[in-house]
Amino acid sequence: MDLSYLSSNASVMAKYRDLKQPDDKVQCMYVWIDGSGENMRAKTRTLNFVPKSVEELPIWDFDGSSTGQSEGSNADVYLKPVAIYKDPFRGANNKLILCETISYDKKPNFANKRASCAEVMKKVADSQPWFGIEQEYSLLSGKNGINKHPLGWPENGFLAPQGPYYCGVGAHRAFGRDVVEAHYRACMYAGIPISGENAEVMPSQWEFQVGPSEGINAGDDVWMARFILERVAEDFGIAVTFDPKLISGDWNGAGAHTNFSTKAMRGPGGIKHIEEAIEHLRVNHTAHISNYDPKGGADNVRRLTGRHETGSYDQFSAGVANRGASVRIPRRVFDQGFGYLEDRRPASNCDPYVVTEYLVRSSILKEKL
């Protein structure tokens, strides 16, 4: 797959991006999650006003039979706007619109995990649940991205073993930093609370952190940050994968470690509430594992082996500063006696709506899942 044409097209495209946009026209890109539960789709419509809230935005629709979300004989699926972000690609007053998918019967489409998450978050609003999600991913060579060839790796063979790549610096250790930096700035422009980034343990693997975001905003912010990442990488002719175990063997997998707290956990004596929450998570471990990747736990079976800074998928564990545990209490939190816990089980391709909902249902609502 030869993508060399991208370099010349970039300069050509700049001419058109510089054209003055009519004052009474706004491009709104509607973004949604498709039937895979992992991939995102998008299409654009023109509005004659600048939307200030989702309530102002029209409901739209798409061909669900082409996204794995409906049958061809009854193909239309509705797009319900739920969050607005500034568009870092088109600039001006243009917007990115995150949408829920609604089926013909006006019920949430099976791929729409946001609707149930939003209901749960309303129930626990007084607890002020905060989430900070550490999204890991890998960059793939544009030329061989379809074959899952990690960026910067030799065409045949492997790089030197893990060790120098985590937070690494240098062209022989960090691959794809331009994508990472562009993504960081684009998320800030869009209004996403991106709080950091770093190179990860496996070469070509990176991480960005989103949060703290409260309630339903956490899932919204992570999904849109993922969309922006793939869109930025597209401009560089590079592919992105959220595969939780891209390379088998002695290489780290990729997760979406989720930092979680409530108002009580963040207050004086909060460590007691953190420890209580961990015990409720222990009871529901199997249910969490089954819902922390889109394949019913199959991806986490590949990733959560008890090695490479993971706990085992079939055994719950917790500890202070223990990166080999299912749930970690950071050393700083333990020392000060309040703060948050880190659930290290979610896979990199998890649905953040599902993860945040399950954390709340287990630890705040104390449900047996």
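The values are calculated or read from the model by the stated rules, or taken from the named source; none is laboratory data. Keep in mind that what you see is a predicted model, and the values were worked out from it rather than measured. Heads up, the Cβs are rebuilt from the backbone with ideal geometry, glycines too, and the neighbour counts pull from every protein chain shown. Accessible surface areas use protein heavy atoms only, side chains included; no ligands, DNA or RNA. Shrake-Rupley method; radii C 1.70, N 1.55, O 1.52, S 1.80 Å.
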| Relative contact order of the chain: what whole-number percent is it, with Cα pairs under 8 angstrom and at least 6 residues apart? | 16
| query | Mean residue ellipticity at 222 nm from the helices of the chain, using -39,500 (n - 2.57) per DSSP H segment of n ≥ 4 over the full residue count, to the nearest 500 deg cm²/dmol? | reply | -8500 deg cm²/dmol
| Pairwise Lys count, the stretch 72-136 - Cα closer than 24 Å, eight or more residues apart or different chains | 15
| field | Qualifying trypsin sites (Lys or Arg not before Pro) for the stretch 4-84 [loop in DSSP, other Cβ within 10 Å: at most 11] | value | Lys20, Lys52
| request: Under 16 Å Cα to Cα from Lys272, which aspartates and glutamates show up? Leave out anything in the same chain fewer than 8 places away. | output: Asp335, Glu342
| Note, ³J(HN,Hα) from phi for the stretch 252-257, Karplus 6.51, -1.76, 1.60, rounded to Hz, x at Gly and Pro | 5, x, 10, x, 9, 3
| message | With volume of the Cα convex hull per residue in Å³ as the read-out, I listed (i) 135; (ii) 153; (iii) 235; which label goes with the value calculated from this structure? | response | (ii)
| task | With a probe of 1.4 Å, find how much accessible area the stretch 200-303 has per residue, and write the answer as a whole number in Å². | result | 33
| task | Using a 10 Å cut-off on Cβ atoms, rank the peptides 347-357, 327-337 from the highest mean neighbour count down. | result | 347-357, 327-337
